[in-house]
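S.K.: Have a look at this one.
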Amino acid sequence: MKEGSNKKIGEPIISVRGLTKTYGKLDVLRGIDEDIREGEQVAIIGPSGSGKSTFLRCLNCMEDPTSGSIIFEGVDIADRRVNINTHREHIGMVFQQFNLFNNKKVIDNITLAPIYVGKRNLRRAKLKNALRTIANLFRKNKKELIPITKTKKEIVLEARERAMELLRRIGLEEKATVYPSTLSGGQKQRIAIVRALAMNPKVILFDEPTSALDPEMVGEVLDLMRALANEGMTMVIVTHEMGFAREAADRILFIDEGQIKEQGTPAEVFDNPKNPRLQEFLSKVL
């Protein structure tokens, strides 16, 4: 927890046990055990090729682990029998290169996922109700139908209203109807964060969110992430920027050769590193 902070860190929301990832004969992750707690911001640092981004992408199974478990809200999402998409809806992802759809306007980028999920859930509810209605004809104990509270039009309207609310929050309301190609790098990354927020996630994963930005634009993104941290958003952030990690994180993980070699508060990791490999790494980047 950051020095001087009074915020409370909750119970683990993601628990990783025995996580490995191999590509052929290459061991990228080698038996990682770690808990990400609700409301904390965890920065992951380490040399290039150490497994940082692979670890991050395993947390929402964008990369399938070779072995081990990833428990998210009590469910092992690394189990291939689990419908990962259901759980991934609650784990946002922000990429280094923004990954916005250049052929869609800003507001359409933001509303694409919530509209899709909302309409899909509506279809599923209607189908289940139709099946229950038929089955109830032959049951003594009738099953209640699933309440249908929104129409397709209402789902779209609600998603667009939420998108505009988020755009107003970051001062980019006037950019709602433009295409991403007209935006600066800092604006694109803030839009990408807003897109993740539109799904009301419980965790957001950031894969080097500032490394593709010009130095003067880093502050725009950092300010938004700091605001999210103050609101208690759980965040896991892979970054090469040590100043950013020191300022944004409650806890630092140092990954090297596919293992967490050291972790602690920013002050512990940066001012009093104990692991020789971490000491060597920091001597080159600070």
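The values are calculated or read from the model by the stated rules, or taken from the named source; none is laboratory data. Remember, predicted model here, so these are calculated numbers, not experimental data. Positions of Cβ are backbone-derived with ideal geometry, glycine not excepted, and every protein chain shown enters the neighbour counts. Ligands, DNA and RNA are excluded from the accessible area calculation, which covers all protein heavy atoms including side chains. Shrake-Rupley method; radii C 1.70, N 1.55, O 1.52, S 1.80 Å.
S.K.: If you take the square roots of the eigenvalues of the alpha-carbon gyration tensor of the stretch 1-119 and sort them as a ≥ b ≥ c, do you get rounded (a/c under 1.5), prolate (a/b over b/c) or oblate?
M.R.: rounded
S.K.: Next up: May I ask you to derive the relative contact order of the stretch 1-140, considering only C-alpha pairs under 8 Å and at least 6 residues apart, and to give it as an integer percent?
M.R.: Computed value for the stretch 1-140: 19 percent relative contact order.
S.K.: Can you give me the relative contact order of the chain as a percent, contacts being Cα pairs under 8 Å and 6 or more apart?
M.R.: Reported as a whole number, the value is 28 percent.
S.K.: Here's a follow-up. What's the carbon and sulfur percent of the stretch 89-234's accessible surface, probe 1.4 angstrom, rounded to a whole number?
M.R.: 53
S.K.: In debye, nearest 20, what is the charge dipole magnitude of the chain about its Cα centre with +1 on Lys and Arg Cβ and -1 on Asp and Glu Cβ, if you could check?
M.R.: Around 2140 debye, computed over the chain.
S.K.: Moving on. Relative contact order, percent, of the stretch 179-286 when contacts are C-alpha pairs under 8 Å separated by at least 6 residues?
M.R.: Averaging sequence separation for qualifying contacts and normalising by length gives 20 percent for the stretch 179-286.
S.K.: Give the average over all directions of the projected area of the C-alpha convex hull of the stretch 38-94, one decimal, in nm².
M.R.: 4.6
S.K.: While we're looking at this one, here's another question. How long are the three semi-axes of the equivalent ellipsoid of the stretch 17-56, in whole Å, if each is the root of 5 times an eigenvalue of the C-alpha gyration tensor, listed from largest down?
M.R.: Working through the eigenvalues yields semi-axes of 21, 13, 6 Å.
S.K.: Quick one: 3J(HN,Hα) in Hz for the stretch 81-93, Karplus 6.51/-1.76/1.60 with θ = phi - 60°, rounded, Gly and Pro as x.
M.R.: After applying 6.51 cos²θ - 1.76 cosθ + 1.60, I find 7, 7, 6, 5, 5, 4, 7, 5, 4, 9, 10, x, 9 Hz.
S.K.: Whole number please: convex hull volume per residue of the Cα set in the stretch 92-195, in Å³?
M.R.: 114
S.K.: Could I ask something else about it? Considering amide H positions built from the backbone, and no H for Pro or chain starts, which residues 5 or more places from Met93, or on another chain, come under 5 Å of its amide H?
M.R.: It is Leu205, by chain and number.
S.K.: While we're on this one: For the chain, what is the largest minus smallest coordinate of the Cα atoms on each principal axis, given in angstrom and ordered from greatest to least?
M.R.: 72, 46, 42
S.K.: In the neighborhood of Asp207, defined by Cβ-to-Cβ distances under 10 Å, what is the net charge if each Lys or Arg adds +1 and each Asp or Glu adds -1?
M.R.: Net charge around Asp207: +1.
S.K.: While we're on this one: Have a look at Ala125, Tyr179, Gly219 and report the one farthest towards the positive end of the charge dipole of the stretch 88-233, computed about the Cα centre with Cβ charges (Lys/Arg +1, Asp/Glu -1).
M.R.: Ala125
S.K.: Using the Cβ atoms and a cut-off under 11 Å, what net charge is assigned to the surroundings of Ser69, where Lys and Arg are +1 and Asp and Glu are -1?
M.R.: After counting each charged neighbour, the total is -2.
S.K.: Moving on to the next point. I need the P(r) histogram for the stretch 165-286: all alpha carbon pairs, bin width 10 Å from 0 out to the longest distance, whole percents.
M.R.: Going from the shortest bin to the longest, the percentages are 11, 41, 30, 14, 4, 0.
S.K.: Suppose we take every Cα in the stretch 72-152 and form the convex hull; what volume per residue is that in Å³?
M.R.: So the per-residue Cα hull volume is 164 Å³.
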